[in-house]
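Student: This is the structure I have questions about; it appears just below.
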Amino acid sequence: LKTHAGWTYQQLTPGTFLWHEPHGQTMLVTPTGTRDLTDP
């Protein structure tokens with residue numbers, strides 16, 4: 001996604017990432033799953 005769709009990410013801790021989509025969506029990805037942090 002980051003190569004062709006413009007997503008960027010930050011590694012918060014080993015195995016935990018915060019992904020940002022160009023249109024404002026933010027996802028938290030952890031070893032236990034993915035959570036959408038985007039404001040409704």
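The values are calculated or read from the model by the stated rules, or taken from the named source; none is laboratory data. Computed from a predicted structure; not experimentally measured. When we count neighbours, we look across all protein chains shown, and the Cβ atoms used for this are built from the backbone with ideal geometry, even at glycine. For accessibility, only protein heavy atoms count, side chains too; no ligands or nucleic acids. Shrake-Rupley method; radii C 1.70, N 1.55, O 1.52, S 1.80 Å.
Student: Whole-Hz Karplus ³J(HN,Hα) for segment 3-20, in order, using 6.51 cos²θ - 1.76 cosθ + 1.60 and θ = phi - 60°, x for Gly and Pro?
Tutor: Here the 3J(HN,Hα) series is 6, 10, 10, x, 5, 10, 8, 10, 8, 7, 8, x, x, 10, 10, 10, 9, 10 Hz.
Student: Each residue of segment 35-40 in turn: what ³J(HN,Hα) in whole Hz from Karplus with 6.51, -1.76, 1.60 and θ = phi - 60°, glycine and Pro shown as x?
Tutor: Values, residue by residue: 10, 7, 9, 5, 4, x Hz.
Student: Separate question: Can you give the relative contact order of the chain as a percent, counting alpha carbon pairs under 8 Å and 6+ residues apart?
Tutor: So the answer I get is 26 percent.
Student: Separate question: Quick check for you: with a 1.4 Å probe and neighbouring chains kept, what is the accessible area per residue of the chain, in Å²? Working shown, then result.
Tutor: Numbers: 3190 Å² over 40 residues.
Per residue, the chain has an accessible area of 80 Å².
Student: Return the loop-located chymotrypsin sites (Phe, Trp or Tyr not before Pro) in the chain (DSSP other than H, G, I, E, B) with at most 14 other Cβ atoms within 10 Å of their own Cβ; answer none if there are none.
Tutor: 7
Student: On to the next question. Which of these values of Rg and Dmax of the Cα atoms in Å was calculated from the structure shown: (i) 11.7, 33; (ii) 10.1, 28; (iii) 10.8, 34?
Tutor: (ii)
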